1. Using helices alone, what [θ] at 222 nm do you get for the chain, with -39,500 (n - 2.57) per DSSP H run of 4 or more residues, divided over all residues and rounded to the nearest 500?
2. Which pairs, out of Lys41/Lys61; Lys41/Lys67; Lys61/Lys152; Lys25/Lys61; Lys67/Lys135, put more than 21 Å between their alpha-carbon atoms?
3. So how do 19-31, 93-105 stack up, highest first, on mean other-Cβ count within 10 Å?
4. Can you tell me the length gained on complete extension of the stretch Asp90 to Gln35, counting 0.36 nm per residue apart and subtracting the Cα distance?
5. In the calculated pair distance distribution of segment 80-181, what percentage of Cα-Cα distances lie above 23 Å?
6. Distance between Cα centroids, segment 109-133 to segment 54-78: provide it in whole Å.
7. Using DSSP to call loops (not H, G, I, E or B), can you name the trypsin sites (Lys or Arg not before Pro) in segment 140-182 whose Cβ has at most 11 other Cβ atoms within 10 angstrom?
8. Considering the values [x] 17.6; [y] 16.2; [z] 16.9, which represents Kirkwood radius over Cα pairs in Å as calculated for the structure under consideration?
Amino acid sequence: MGQALGMVELISIPAGIEAGDAMLKAAAVELVTAQAACAGKYIVVVSGEVAAVEASVEAGKETASMKLVDSLVIPNIDAQVPLAINMCSDPGEIEALGSMETFSLCAAVAAADSAVKAARVRLIEVRLGRGLGGKSFITLTGEVAAVKAAVKAAADVEEVKGLIAESVVISSPHPDIVKALL
């Protein structure tokens, strides 16, 4: 069985730090990232075996209490997603470019995972609320038809419905826009 990814999103930075500590103490998980995000939010993202990630997220939710905004557990997360969250992905040649903006940080992660599982695309980045007023965005690349299919699949995921602010697919992005994204 593959790795799972779990995430909690809180409306308080101190409560987020406390929830992250509880998550890491509750189960044998690996910290993907823990950081402040815009609008005074804090996110904690962990990975590991499904049962451990579920226990970790549950501990984070319990600790967060009323400060919890959202949470998720994705079993069998695509390996591209944690790398793109940490801006460590190598998208290779940029063909068509897809970009999706979400209102929720958790929705961005769910959308990214759904997109890469739905079509042959490569994630460029999953930007979680840093400098975005509480929003997030995903950038990905691949052939035009694949990028269109990935963006559509991401928008149709239950955890994402109603949380995509906007999306676009550009068939041949200008090299300068590509440089700005990398």
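1. After summing the helix terms and dividing by the residues of the chain, the value is -11500 deg cm²/dmol.
2. On the way: Lys41/Lys61 14 Å; Lys41/Lys67 9 Å; Lys61/Lys152 30 Å; Lys25/Lys61 13 Å; Lys67/Lys135 18 Å.
Check vs 21 Å cut-off fails for Lys61/Lys152.
3. On the way: 19-31: 19.2, 93-105: 21.3.
Put in order of decreasing packing, that is 93-105, 19-31.
4. 17.6 nm
5. That fraction is 14 percent.
6. What the calculation gives is 19 Å, centre to centre.
7. Answer in residue order: Lys161.
8. Matching entry in [x] 17.6; [y] 16.2; [z] 16.9: [y].
Just so you know, all these numbers are worked out from the coordinates, no wet-lab data involved. All values derive from a computational prediction rather than experimental measurement. Note: ideal-geometry Cβ built from the backbone for every residue, glycine included; neighbour counts use all protein chains shown.
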